[in-house]
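The values are calculated or read from the model by the stated rules, or taken from the named source; none is laboratory data. As the structure is a prediction and not an experimental result, all values here were calculated from the model. Here the Cβ positions follow ideal geometry from the backbone for every residue, glycine too, while neighbour counts run over all protein chains shown.
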Amino acid sequence: MATGYEPNIEGAIAVLVDLMTANAFTMTRQPYEPNYRGLVDAVIDLKEGFPVFAPERIGFDATTFEAVADGDALYMRSSDGQVGKAQADGTQDEALVVGFADDAAASGATVKVLVAGLLDYPSTIDPGDVYFLSTTPGAISTSPPTGSGEFVARVGEGATTSEFSIQLEPPMRLN
């Protein structure tokens, strides 16, 4: 299988340089010597570039079955794959948060559902506090639900006063 890269240390360095260049990695140890030291330096630059390269936000587009606001916690209906406001005192499906609305959307519109990363939350967040799905549809709270039959679902924590770090966990039903 021809790759265009020589099967030696210089070829391996060339592959790493192309990979880092294509993804805008910082190559602080460049130029790389055409030997094992140069290969190790290139691998170190690759390793150090991954935290910068990691996407800040991961999501998907979905159709809403009801109007949602920016920052609403969302669940997905199994019947049609559409999303709406999650709530801790509904069914288990309604308590399974699949992500957060990245913007407001009307019923039947497309919304970006963020499943990981940082969400610019529309109201003040307390940095370091853990947040749970609320019994208010679409809302989150630092106080988990406590009522019998309600679901406790940890959804993330405050990163800054305006950014919410999404960390979804499955709901647990209270007896």
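List of remarks:
- Listed by position, the strands (runs of 3 or more DSSP E) enclosed by the stretch 57-175 that each have at least 1 residues that are without any contact (Cβ under 8 Å) to a residue 40 or more places away in the chain are 73-76, 83-85, 99-101, 130-133, 154-158.
- Scanning the stretch 120-175 for residues that are hydroxyl-bearing (Ser, Thr, Tyr) and at pLDDT 95 or above gives Tyr131, Ser134, Thr135, Thr136, Ser141, Thr142, Ser143, Thr146, Ser148.
- Residue check for Gly147: under 19 Å from Ile58 (Cβ atoms) and more than 17 Å from the chain's Cα centre (by Cα): no
- Qualifying residue in the stretch 56-76 (condition: of a type outside the set (S, T, N, Q), loosely packed, with under 13 Cβ neighbours inside 10 Å and over 18 Å from Thr110 (Cβ atoms)): yes
- Residue within the stretch 40-50 that is surrounded by fewer than 15 Cβ atoms within 10 Å (Cβ to Cβ) and of a type in the set (Val, Ile, Thr) present: yes
- Top-ranked residue in the stretch 11-35 [being of a type in the set (Gly, Ala, Ser) and farther than 12 Å from Gly49 by Cβ; ranked as surrounded by the fewest Cβ atoms within 10 Å (Cβ to Cβ)]: Gly11
- Qualifying positions in the stretch 97-116 - surrounded by fewer than 19 Cβ atoms within 10 Å (Cβ to Cβ) and over 13 Å from the mean Cα position of the chain (by Cα): Asp103, Ala104, Ala106, Ser107, Gly108, Ala109, Thr110
- Lone qualifier among Thr28, Thr21 - being in a helix (DSSP H, G or I), over 16 Å from Ala105 (Cα atoms) and over 20 Å from the mean Cα position of the chain (by Cα): Thr21
- Any hit, the stretch 151-164, residues being touching a helix residue (DSSP H, G or I) at 6+ places or on another chain (Cβ under 6 Å) and buried (at least 19 other Cβ atoms within 10 Å of the Cβ): yes
- Every pair of residues 6+ apart whose Cβ atoms lie under 9 Å, when the first sits in the stretch 30-46 and is in contact (Cβ under 8 Å) with a residue 24 or more places away in the chain while the second is of a type in the set (Lys, Arg) and surrounded by 13 or more Cβ atoms within 10 Å (Cβ to Cβ): Gly38/Arg29; Ala42/Arg29; Asp45/Arg29
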